[in-house]
Amino acid sequence: MTPVEPPPTRWDLPDPPPDADDLIAAGGDLEPGTVLDAYRRGLFPMRADGVLAWWSPDPRGVIPLDGFHVSRSLRSSIPRFEIRINTQFEPVMRACADPRRPHGWIDESFVHAYTRLHEMGWAHSGEVWRTNAFDAELVGGLYGIRIGGLFAGESMFHRVTDASKVACWAAVELLRLDGAELFDVQWTTPHLESLGAVDVPRAEYLSLLRRALGG
């Protein structure tokens, strides 16, 4: 579907200053117009000590769409799963928000906000299913925001080995086919680095973002 542009935000979100810390601003709301304006500026929301905050890491984690690393074990895992897109957005997000996961930050306000963005055509889920002749089980996935050539990955989960890696692989393949330019993963982790994620300076990320958004 063609995304529906929401009313503009009532907040004046800042552009990330060149030498600022990762935390850029606090407050505001999670209305669709606010969230989209943030991503277009290179920001994303995440709570800090319970307060809604807006972040722009320096350096910023990205997965080059021509640099995804498919290990031998991952290559052998891919055929074991079925990939679906946008069929179970809220269940994917709630799996990512599982309170048993360490450093969880996805609360009901985020689930509500991003589900609204999904219904408007901006937020998307990639789902990894384990299927047989009688049943299908959601065992991994990721979700994020797509604006033009940007895909901002927010979180992913797995319930069986390699399921989140397969979700990330599928996202890269689909983004390449669809002409995307930038896969933002916010901060690199050892898990993401094993898949090809790299750090880029904030200034470079903002330049890549402008190009991805057609600016």
Note to self: When the residues of segment 196-214 are narrowed to those that are more than 19 Å from Asp178 (Cβ to Cβ) and outside any helix (DSSP H, G or I), which ends up nearest to the chain's Cα centre (by Cα)?
What the structure shows: Ala197
Check: Do we have any residue at all in segment 28-38 that's over 25 Å from Arg211 (Cβ atoms) and not charged (D, E, K, R)?
Finding: yes
Check: Right, Asn132: more than 19 Å from Met46 (Cβ to Cβ) and either of a type in the set (A, V, I, L, M, F, W, C) or free of Cβ contacts under 8 Å to residues at least 24 places away in the same chain (or both) or not?
Finding: yes
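Taken together, the values in this text are just the output of simple stated rules run on the coordinates, not laboratory data. None of the values given here were measured: they were computed from a predicted structure. Neighbour counts run over all protein chains shown; Cβ positions are idealised from the backbone, glycine included.
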